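The structure appears right after this line, and notes come after that.
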Amino acid sequence: MTAMQAAAQRWGKRDDMLVHQDEPFNAEPPPGVLAADGLTSVDAFYSRNHGPVPELDPGSWRLSVTGASGACTTFSLAELKQRFEAVTITATLQCAGNRRAGLMAVREIPGEDPWRDGATSTARWTGARLADVLRAVDGTRPAADGSAAGHVAFSAPDVSELAHPAQPYGSSIPLAKALSGEVLLAWEMNGAPLAAAHGAPVRVVVPGYVGARSVKWLQAITVQNEPSGNYFQAVAYRLLPPEADPDAAGPDDGLSLGPIALSSAILSPAPGATIPAGPTALRGYAFAGDGRRVARVDVSADAGATWTQADLGADSGPWAWRLWRASVECRPGDRVLVARAWDDSAALQPADAADLWNPKGYANNSWPRTEVHVTGPQ
Ligand SMILES: Nc1nc2c(c(=O)[nH]1)N[C@H]1C(S)=C(S)[C@@H](COP(=O)(O)O)O[C@H]1N2
Ligand SMILES: [Mo]
């Protein structure tokens, strides 16, 4: 067994995961697996880590919450479950680096992993609403009408050597999002207690935002005026202009990544597949991000010259991707299968990854293109 497979096994993942790094553990499911079900099973769910996975004791775990007033309350897991209504939301997590490989094909991106289209997965998350917890601590007088100013910062115990300087992982979200009701302090994933790799005993789930904001192994929550000063909020997970030097980038350079933009992927056929000529089944996902809905997906078997509308799979609500399927006629030869999605604001994905290239390789939401070899009589 390779070190990569051993790591996958250790963290409860399928043996065939694409492991980008065994330590810190970074892995995505192999092509096609995500198409099996709108809910991703935990053994296939991608795992993105910047430091060693902590294995915390749920019995002695405590969460400290500091409100805007400075009032601080500490909760055990049992207290969280007892005091707050448990809600379940189907939400897609998506890493800002999902589909980075498509940007690397445009121009190299040193020091980052070539994630394919599996740095995203969907689960049913159960936990307390962050809004309820913040109100209980009396930190947040403003009503949840979107006008609330300020930020809610999250901190975790996993120390990342990749940060400058090395530091524990952290992030923040705007107070208005924190009070929206969809942000959860989750202790269950698909009906089972969170696995260690996914943030046990409690993680934040920020639906519609880049995965980086959904802090695992949550330890502390602070309501504050400014966004978190943590490296992963202030420096990393920011969209730099193409000409910027990422090693020279300082706090607040570029755009902070929060709400996710409309994206899609072709999950099947796999890239480079050899398929027989004739009707070909295509499957994939589309995700609109931050509460918008997927409205339409088109596919093409001739590099975008002609298009066919895909059938959308089950609608699992505003926070989840939509799986889709379509059948297209493939003629013999080397072909490029393409997909493109629209959301309910009638926005269409950008066509070309070349326009989106950025030095850290974030937010590639260009049309997915899959090269296949079609066999049959010419
Ligand atoms: N404490 C902590 N939380 C974290 C991270 C981390 O390294 N440490 N990675 C973040 C990133 S970048 C992503 S994409 C998601 C991945 O969640 P998952 O591993 O459960 O799929 O967790 C986020 N939360
Ligand atoms: Mo991420």
- If each part is reduced to its alpha-carbon centroid, the range 156-199 and the range 1-54 end up apart, in Å, by 18
- Note on the structure: Here the alpha-carbon Rg of the range 256-378 over 2.2 N^0.38 Å rounds to 1.09
- Message: Rg/Rh for the chain to two decimals, with Rh computed the Kirkwood way over all alpha-carbon pairs.
- Response: 0.98
- Message: Relative contact order for the chain: what percent, with Cα pairs under 8 Å and sequence separation of 6 or more?
- Response: 17
- Message: Placing unit charges on C-beta atoms (Lys and Arg positive, Asp and Glu negative, everything else neutral), compute the dipole magnitude of the chain about its Cα centre in debye, rounded to 20.
- Response: 700
- Arrange the peptides 74-80, 46-52 so that the one whose residues have, on average, the most other Cβ atoms within 10 Å appears first. 46-52, 74-80
- Label-point separation (nm) for D16 and R62, each offset 7 Å from Cα along Cα-to-Cβ? 4.7
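Expressed in nm to one decimal, what extension gain is obtained for the pair E85 and A166 from 0.36 nm per residue of sequence separation less their Cα-Cα distance?
So the extension gain works out to 25.5 nm.
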- Query: Dividing the alpha-carbon Rg of the range 155-229 by 2.2 N^0.38 Å yields what?
  - Reply: 1.11
- Query: So how much slack lies between T73 and D344, counting 0.36 nm per residue of separation and subtracting their Cα-Cα distance, in nm?
  - Reply: 93.5 nm
- Note on the structure: If R0 = 30 Å, then D43 and D315, at their Cβ-Cβ distance, give a FRET efficiency to the nearest 0.05 of 0.75
- Item | Those residues of the range 244-260 whose amide nitrogen sits under 12 Å from the label point placed on E226, 7 Å along Cα→Cβ | 251-252
- Distance from a point 7 Å along Cα→Cβ of A196 to each backbone N in the range 40-72: keep the residues under 19 Å and list them by number. 42-62
- Query: For the residue pair D355 and A249, what label-to-label distance in nm results when each label sits 7 Å from Cα along the Cα-to-beta-carbon direction?
  - Reply: 2.1
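Since every read-out is calculated from the coordinates, none of them should be taken as a lab result. All figures in this text were calculated on a predicted structure; none of them were measured in a lab. Ideal geometry is used to build each Cβ from the backbone, glycine not excepted, and the neighbour counts take in all protein chains shown.
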